[in-house]
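Each remark here refers to the structure printed beneath this line.
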Amino acid sequence: MFGAPHPLTASASPLVPLPRRPLDESCRVRRWYERELGWPTVPGDPVRLAVGVRFDVLDVPAEAGHASLRRLGPGSPVAVRGDRMRLLVSPGSAEELPGLLEWLEWGTLALDLIAIGAGGSMKAPVPAEAGGAGGPLPRGAFPPGSLGPVGSQGAAVWLRPPEPGCEVEASLPTLSALGGTGNAPDLVRLVDTVATHCHRVRLRRACAQPPALRTQGQ
């Protein structure tokens, strides 16, 4: 009457833990950014980084961004996605950009320069440390004038990856660096250089258009 428990009853015992499912790539990426870097992410898939907390972003044409890399410190992270480059700058820089462009006399021109600040987000490049293939690009893989890393197919990758254990804020271009004594890159010089090359890219593209299209755009 009181025999051994039925096999199905034993397997359903709460004392037997369910097997763990392996973390997918999205979970590994999110965990790497949140635990290794301390960067907040936005809920959802694919993983997106919250902007305006640890950094703001200048989203520029890749050609203009590449020409402006000399204005960045060696530890300033830079990401690329297709024909766009994303330069990480100090938090609050997005709010300063319109006034800064006016002061630099770039305010009246239509520049392909997008600032992302508090409340915004950017797609998280897949770091090699998290098990993905989107690690830093090898030297020479992104020559001047190119439109982005070959084979990226719209995936965001790090050109200059962030380093775990390092405070990213100390390496980011900031407005307070103007006339200061610190080692942070100067946001004013960076924006002026980026704006100059954005304007050059725009003029070159306009000159490459057929005459009929140029007339329509005027």
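Per the conditions (1) open to solvent by 50 Å² or more (accessible area, probe 1.4 Å); (2) under 19 Å from Leu172 (Cα atoms); (3) in contact with a Ser or Thr (Cβ under 6 Å, 6 or more places away or on another chain), the sole criterion not satisfied by Arg48 is (2). Listed by first and then second residue, the pairs with beta-carbon distance under 9 Å, at least 6 apart or on different chains, first residue in segment 40-53 and farther than 17 Å from Ser90 by Cα, second among the aromatic types (Phe, Trp, Tyr), are Thr41/Tyr33; Val47/Tyr33.
Restricting the search to segment 73-93, which residues are at pLDDT 95 or above and over 14 Å from the mean Cα position of the chain (by Cα)? Listed by number, the residues that qualify are Gly92, Ser93.
Inspect segment 130-138 for any residue being modelled with pLDDT under 95, buried (at least 20 other Cβ atoms within 10 Å of the Cβ) and within 24 Å of Asp45 (Cβ to Cβ) and give the result as yes or no. Within segment 130-138, one or more residues are modelled with pLDDT under 95, buried (at least 20 other Cβ atoms within 10 Å of the Cβ) and within 24 Å of Asp45 (Cβ to Cβ).
Residue count for segment 64-99 under the criterion of being open to solvent by 50 Å² or more (accessible area, probe 1.4 Å) and more than 18 Å from Asp112 (Cα to Cα): the result is 4.
The values are calculated or read from the model by the stated rules, or taken from the named source; none is laboratory data. Since this is a predicted model, take the numbers as computed values, not measurements. A quick note on method: Cβ atoms are made from the backbone with ideal geometry, for glycine too, and the neighbour counts reach across all protein chains shown. The accessibility values were calculated without ligands, DNA or RNA, using every heavy atom of the protein model including side chains. Shrake-Rupley method; radii C 1.70, N 1.55, O 1.52, S 1.80 Å.
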